[in-house]
Amino acid sequence: GKMAKHYTKDYLSMLRNKIPIDAVIVDVLNLEVLNSHKMLRFRCPLCHGFHTATKHETNLARCFDCKQNFNPIDLIMAVGKCGFKDAVEILKDRINL
């Protein structure tokens, strides 16, 4: 079998914090977005509503309808319906460090 990749906690927290959530939504996932009042609203991958926002201080995206917070990894898992490792691989390809 293939060796499972192990990512360090630091590496994962870097992916979660250093890749701007807005860039994940717009550039990586190409989610449908509405720009209202300088706030990025995106279509929630779970309930498909637009009652959403991103918070730059925490680098999280939130859906107020289904009360879900997404970090960049969560968001890719939800949209791509993929597992944690696949989501990390997708993000990894997008980062320039």
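The values are calculated or read from the model by the stated rules, or taken from the named source; none is laboratory data. For clarity, every value in this text was computed on a predicted model and none was experimentally measured. A quick note on method: Cβ atoms are made from the backbone with ideal geometry, for glycine too, and the neighbour counts reach across all protein chains shown. Note: accessible area is taken over every heavy atom of the protein model, side chains too, but ligands, DNA and RNA are not part of it. Shrake-Rupley method; radii C 1.70, N 1.55, O 1.52, S 1.80 Å.
Taking H placed 1.01 Å from N in the peptide plane, check which residues at least 5 places from L60 or on another chain put their amide H under 5 Å from its amide H.
K55
For region 39-47, in order, what is each residue's ³J(HN,Hα) by Karplus, 6.51 cos²θ - 1.76 cosθ + 1.60 with θ = phi - 60°, in whole Hz (x at glycine and Pro)?
10, 7, 10, 10, 6, 5, x, 8, 10
Sequence gap at least 6, Cα distance under 8 Å: using those rules, report the relative contact order of region 23-84 to the nearest whole percent.
Computed over region 23-84, the figure is 20 percent.
Spit out the partnerless Cys residues in the chain, using Cβ distances under 4.7 Å as the pairing rule.
By the Cβ distance rule, which asks for a partner under 4.7 Å, the isolated cysteines are C82.
How much length is gained on full extension from H37 to E57, taking 0.36 nm per residue of separation minus their Cα-Cα distance?
Value of the extension gain: 5.4 nm.
Which of the trypsin sites (Lys or Arg not before Pro) found in region 1-68 are loop residues per DSSP with 11 or fewer other Cβ atoms within 10 Å of their Cβ?
K2, K5, K38, K67
Could you tell me what percent of the accessible area of the chain is made up of carbon and sulfur, with a 1.4 Å probe and every protein chain present?
C and S fraction of accessible area: 54 percent.
Tell me the label-point distance for the pair N30, K92, using the 7 Å Cα-to-Cβ offset, in nm and rounded to one decimal.
2.4
Express the accessible area of the chain per residue in Å², computed with a 1.4 Å probe while the remaining protein chains stay in the model.
65
Report the convex hull volume per residue for the chain, counting only C-alpha atoms, in Å³.
Hull volume normalised by residue count: 109 Å³.
Below 8 Å, C-alpha to C-alpha, sequence gap of six or more: please give me the relative contact order for region 1-58 in percent.
After rounding, I find 22 percent.
Do you know the Lys pair count in the chain for C-alpha distances under 16 Å, with sequence separation 8 or more or different chains?
The number of close lysine pairs in the chain is 10.
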